[in-house]
Amino acid sequence: MRQGGEGRGWAPVPVHMVGVHLGLSFWHYAVGMLALGLLVFPVAWAAGGISETVSLSLGWMEGDPAIRRITNLLALAAIILLLTAVLNMQGRSLMSVVAPEQHLDLGMMARSAATYALAFTPVIIMAVMSGQLGLGDWRAALALLPMMLVLVALQATAEEMVCRGYLAQGFQVLFGHAMLAALPVAVIFLSLHDTGGFDTGWDRKINILMISLALSWLTTRAGRLEPAMGVHFAHNIIVFTLAARPDHGLPSVSGFQEDFRDSSFDINAVLAQMLIYGAVCANYWFIGLRTGFVAGHAQGQPE
């Protein structure tokens, strides 16, 4: 099968097209998501018991927000195992929602994370300098960083496998177009991350929707999931490192939950979010995609 991605090492079968390629129905994915949802509840309960036991043994107060957030991360990490079980029952492997017909490329994930860090960190620095974001406690962040590197990597991987992997395949079968498939994925991604009301926190909602759509575009272009995993990991770990605060516990697994204001719709805030993330995406494209760095091939160099 001929490789895509302009000859830069992308997967021969694009990950979002697997359902179409195998002739699967949308109900195949709907049943799989139902099974995954039912399995999540006992796993989340078990993750809560484990994290609370460990946290209390370390001297944390009962009800500390950090306990809840570690629980969330453990439960999200366990989704990888649950998704593996669901896919095996459906006669597929986990790699069918990551990089079909290929091996996991951790180097590609790392290069993508490094590229996004170069593109995203200046935005955070400007937000801190302008007073829009306050820095957290560096000592707390560094003390928890080893654990968070593992948990956030698993969390980002699990969310991408479910959203840009499994769900995207199902909606691609349903709608027949990658752009249309990305829209319901973005709405589901928003519902999993945003805790505010429908009419509040529009700057945060736009932020999450744009991140989801950008990750869907990146996955479609790459034909595999590792670049999106790297971006997701880098985004969350940068947010954690800079925004961790003892009084808030660990930051939200999805970003700046404590730093976003719950406000009514503000067109200026929405436009600002679009411009900021447009700049981040442009930097990522220029540094990592145009050059072929993320894919692991220099620009214009044959595979």
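The values are calculated or read from the model by the stated rules, or taken from the named source; none is laboratory data. Small disclaimer: the values here were computed from a predicted structure and weren't measured. Note: ideal-geometry Cβ built from the backbone for every residue, glycine included; neighbour counts use all protein chains shown. For accessibility, only protein heavy atoms count, side chains too; no ligands or nucleic acids. Shrake-Rupley method; radii C 1.70, N 1.55, O 1.52, S 1.80 Å.
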Review point. Does I208 satisfy the condition of being assigned to a helix (DSSP H, G or I), at pLDDT below 90 and either touching a Pro at 6+ places or on another chain (Cβ under 6 Å) or open to solvent by less than 10 Å² (accessible area, probe 1.4 Å) (or both)?
Key: yes
**Study point:** Hey, N283 open to solvent by less than 60 Å² (accessible area, probe 1.4 Å) and at pLDDT 85 or above or not
**Key:** no
Revision key, fill the gap. Filter segment 66-90 for residues that are at pLDDT below 75 and polar (S, T, N, Q); the one that is nearest to F233 (Cα to Cα) is N72
Practice item. Report yes if some residue within segment 177-189 is assigned to a helix (DSSP H, G or I), aliphatic (A, V, I, L, M) and modelled with pLDDT under 85; otherwise report no. Key: no
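Within segment 174-196, how many residues are in contact with a Leu (Cβ under 7 Å, 6 or more places away or on another chain) and crowded, with 22+ Cβ neighbours inside 10 Å?
2
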Review point. Taking F171, is it at pLDDT below 95, under 19 Å from the mean Cα position of the chain (by Cα) and of a type outside the set (S, T, Y)?
Key: no
Review point. Looking at G63, is it at positive phi, of a type outside the set (D, E, K, R) and either under 23 Å from the mean Cα position of the chain (by Cα) or modelled with pLDDT of 90 or more (or both)?
Key: no
Exercise for review: Hey, could you check segment 97-113 for residues that are of a type in the set (D, E, K, R) and assigned to a loop (DSSP other than H, G, I, E, B) and say which is farthest from the chain's Cα centre (by Cα)?
Suggested key: E101
**Study point:** Members of segment 8-46 found to be aromatic (F, W, Y) and at pLDDT 90 or above, listed by number
**Key:** F26, W27, Y29
